[in-house]
Each structure stands twice: as structure tokens, then as C-alpha cells.
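Here is the structure we will look at.
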Amino acid sequence: MKVYIIGTGMEGNLTLTVHAKELIEKSDVIIGAERIVRPFKSTGKQIKITYDTDEICRYIAEFKDFQVAVLMSGDCGFFSGAKKLADRLDDCEIICGISSPVYLCSKFGLTWENMRFVSLHGTKNNIAVNVKTSQKCFFLLDNKINISSLCQTLCEYNLSNTKVYLGENLSYFNEKIKYDFAFNLINYKSDNLSCAVVVNDNFMDYAPCGISDSEFIREKIPMTKSEIRCVIASKMNVKKGDICWDIGCGTGSVSVEIALRCTSGRVFSFDKNEDALRLTQANAHKFSCDNLSTFKCCLPEISDDIPAPDKVFIGGSSGKIKKIFKLILLKNPNVLICVTAVSLETLRDAQSAFEDFGLNVEISQISSSRIVKIGKNSMFSANNPVFVLTGGKKCGES
């Protein structure tokens, strides 16, 4: 018989749609997590408690001559195991339910059509950067990332004045609905079954390209100028989910611009100078980039725990560029690499590295000048010309 995969809303009973309730009543067997099937234990139907896809499939095969309903919390299209299960079944129908963001937003009268949705199950990253770049973010929380740790991250990354709309145990008898600013919730003790909408009225509604040099914390560490960062950002074409490396990160200006683009990905910034790493982290906090991590090392030495990159920027190689290329290409043969060179020697070594590893390469030379005031006169002050080399197996493709 056809298997019905049913979204039950919040607690599995009060938030059922009429259609879902009718199909459950017609079913002989009900399968789902204990919390979801609990309201139906007194119906006399066969109840199987599990949320493991393999085990669900075994039960479905065991009861192939019976009508089976598999219950999923919330809506089957919102961070649900429904798709994974449906791909394993020959004949099934998915029945929509009420998702947690829809339910929570209704409590506050919030609209959600332009909201960004983030699940923090199993990860603690990409909280601040999503809030920085979105007016409204919905977060699915768990026992490790709760309301308190969410707000601690927001405060740590320069977002303490954002508004947090939180919900706990939605639609249950002990439901809690609360609104406050992030800085007032850093010690809030929430239940495991919780979620939140964070509203940032001062969000960055564009992908910055060439942030003003004066915006960065600099000190005495060299920094890639804004005009060059524009070209780097264009050449790298970073996607939202990309894993990016910044080698020789300096002040972290390139790391930050990349991080603000890969809001679902990660940036790993490397430098052998502790002052550079400290500045990179300071700028990451200033620009709310909690998807940026710094590492003190002299590549090509690197931890095996760091994931393979999709995009790599090399701003400093300490004369080891070929060894660095070898490491990068072992991690991902299809990576896109962008290198900047100020000296002719670095240009020669970088071009040779691309050629030695059989990579296509595009080379551009960028010269820029800025007007400065000298007395009553306006004069052009030239920046050092910079060579930008970009390449990979499929140079120019994203």
C-alpha cells in the first residue's frame, strides 16, 4: 500500500491538519519518534517508535499489507527526514504540516517570506554572519546550542542589540514565548526543544566588495587594499556554501570579504605571525564573521581536520608556493586558486606553480591611485601595482 509521510506540526496532535488527521485515523500502523506518536498510543493501532530511516524501512516492509503512516515533526519540507525516507520508498505521499517558524512567527505577528533559515543541530558556526547579512533569521536550536549560547555568540560578534523572538516547547502545555534583546538573554536557561527568530534592522543587505581600508583594524600589519580586494572577490566568485582558505591572511581584510559571501560555508585563515592572526580575529568579530577561523602555521604544514577548500587565496607564501599548491591540490584537484604578487620574483614563482601543476591561469596587473591633498593641491598617490593570478583545472568557471 501507499505509505503516508505526515508532518504533524509541533506536538503531534493539536497542530495536525484535518487531512493529516484523517489519514492517521485510516492507517493501521503508525511509525515515528516517541514524542510524535505519543498522542496516538491509546488508539489501538500498531505503534513503532523510531526515527532511524533504516529501521522505518524495515517496519514498512514488515507491514507491507497494512496502511502505514510515518509521522514527522513540523513540516516534512523543513529540516526533516522525509526526503531521505521518500527516496527509499516505491509508493509514498508526503502530507505537509505546520513548521516551527510558521508557528512561532504567528505568535509574534512576524512575516517570514524573506527569512533565512538555519539549523544549528550539530554545528555552532554561521550564527552571527547570517544575522549580519539577513534582516530575519530563524534558528533551530538543540541541547548544545540553546538560547543562551546563541545570544552569547551574537554579543561576541558585535550584534548585541539584535532582537530575539524565542519559543520553547511550541504548542505543548509548557510552551514559552518570549521577546528581548540579545544582550539580555546571554544567561537565559531554555529547554532543549527551542527555536528563535533574530531580527537585525541594521543588517548588511548587499555583498560588500572593497570595504574601505579605514573600516579595518590595522596596526602595523600589511593589508590588501580595497581596490585589489574588489578584483580578488570577482575572480574567486565565492558561493554561499564554499569552504575557503586565506593563506598569509595579514589583517584579515580578504578573509572578511570572503566570509561575508560564504554565509553557509567557512573561511580558514592561515598566518605564521601571531599579530596577524590576532588582527584577523579582531576584524572577524567587528564584521560579525563567526564562520572565520584562524590558524598559526607555516604551510604546507596543516592539520588533517581542516576540510578541503573550494577556493583559495594566497596573499603570502614565504617562498613555498609550489609546496602550498601541492597541498591544496591533494585536498581538492578541482580547487580555484587566486594569488597576488607585488614583486616580479613572486609573479614568476606563482606563474611557474600554475604551469608545473598543469593548471590554466589568468594573469591581470592592477594599478590604482588615490587623490591626496598636498597643501591646496590635489595630487595622485600611486599604490604599488599588483599582479592577480587566478587558475585551476577549469579557470574562470565558478
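Quick notes
- For the residues D142, D90, D180, D191, the requirement of being assigned to a strand (DSSP E or B) and out of contact with any Gly (no Cβ under 6 Å at 6 or more places or on another chain) singles out D180.
- Within the stretch 142-160, tally of residues that are more than 13 Å from A182 (Cβ to Cβ) and either touching a Leu at 6+ places or on another chain (Cβ under 6 Å) or not assigned by TED's automatic domain parsing to the domain that holds F181 (or both): 1
- So Y172, is it over 25 Å from the mean Cα position of the chain (by Cα), part of a loop (DSSP other than H, G, I, E, B) and more than 30 Å from P300 (Cβ to Cβ): yes
- Residue count for the stretch 220-247 under the criterion of being in contact with a strand residue (DSSP E or B) (Cβ under 6 Å, 6 or more places away or on another chain), under 14 Å from V339 (Cα atoms), not aromatic (F, W, Y) and not in a helix (DSSP H, G or I): the result is 3.
Quick grid of which residues meet (1) closer than 30 Å to Q135 by Cβ; (2) in contact (Cβ under 8 Å) with a residue 24 or more places away in the chain:
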residue	(1), (2)
V3	no, yes
I6	no, yes
D28	no, yes
I31	no, yes
R58	no, no
L71	no, yes
S100	yes, yes
L104	yes, yes
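- I98 vs. criteria outside any loop (DSSP other than H, G, I, E, B) and either in contact with a strand residue (DSSP E or B) (Cβ under 7 Å, 6 or more places away or on another chain) or surrounded by 17 or more Cβ atoms within 10 Å (Cβ to Cβ) (or both): no
- Qualifying positions in the stretch 33-56 - assigned to a helix (DSSP H, G or I) and free of Cβ contacts under 8 Å to residues at least 24 places away in the same chain: E34, K41, S42, T43, D54, E55
- Being crowded, with 16+ Cβ neighbours inside 10 Å, of a type in the set (A, V, I, L, M, F, W, C), in a helix (DSSP H, G or I) and touching a residue at least 24 places away in the same chain (Cβ under 8 Å) is a condition met by no residue of the stretch 330-346.
- Restricting attention to the stretch 101-118, the residues that are part of a loop (DSSP other than H, G, I, E, B), more than 14 Å from V164 (Cβ to Cβ), more than 20 Å from the chain's Cα centre (by Cα) and not hydroxyl-bearing (S, T, Y) total 1.
- The set of residues from the stretch 119-138 being touching a helix residue (DSSP H, G or I) at 6+ places or on another chain (Cβ under 6 Å) and either part of a loop (DSSP other than H, G, I, E, B) or at pLDDT below 95 (or both) comprises just one member, I127.
- Test for S73: is it among the polar types (S, T, N, Q), surrounded by 15 or more Cβ atoms within 10 Å (Cβ to Cβ) and under 24 Å from K176 (Cβ atoms): yes
- Long-range neighbours under 6 Å by Cβ, at least six apart or interchain, first residue in a strand (DSSP E or B) within the stretch 369-389, second hydroxyl-bearing (S, T, Y): R370/S381; I371/S378; V372/S381; F380/S369; A382/S369; V386/T340; V388/T340; V388/S364
- Criterion (hydroxyl-bearing (S, T, Y), buried (at least 19 other Cβ atoms within 10 Å of the Cβ) and within 24 Å of K323 (Cα to Cα)) met by exactly one of T251, T263: T251
- Annotation: S269 fulfils all but one of (1) buried (at least 22 other Cβ atoms within 10 Å of the Cβ); (2) in contact (Cβ under 8 Å) with a residue 40 or more places away in the chain; (3) of a type in the set (G, A, S); the unmet one is (2).
- Residue selected from the stretch 1-17 under the condition modelled with pLDDT under 90 and under 13 Å from G32 (Cβ atoms), by the criterion surrounded by the fewest Cβ atoms within 10 Å (Cβ to Cβ): N13
- In the stretch 380-391 there is at least one residue that is surrounded by fewer than 18 Cβ atoms within 10 Å (Cβ to Cβ), at negative phi, in contact with a Lys or Arg (Cβ under 8 Å, 6 or more places away or on another chain) and of a type in the set (G, A, S).
- Verdict on N192 being surrounded by fewer than 17 Cβ atoms within 10 Å (Cβ to Cβ) and in contact (Cβ under 8 Å) with a residue 24 or more places away in the chain: yes
- Checking each residue of the stretch 302-317 against the condition of being outside any loop (DSSP other than H, G, I, E, B) and more than 21 Å from I258 (Cα to Cα) gives no match.
The values are calculated or read from the model by the stated rules, or taken from the named source; none is laboratory data. Keep in mind the model is a prediction, meaning the values are calculated, not measured. When we count neighbours, we look across all protein chains shown, and the Cβ atoms used for this are built from the backbone with ideal geometry, even at glycine.
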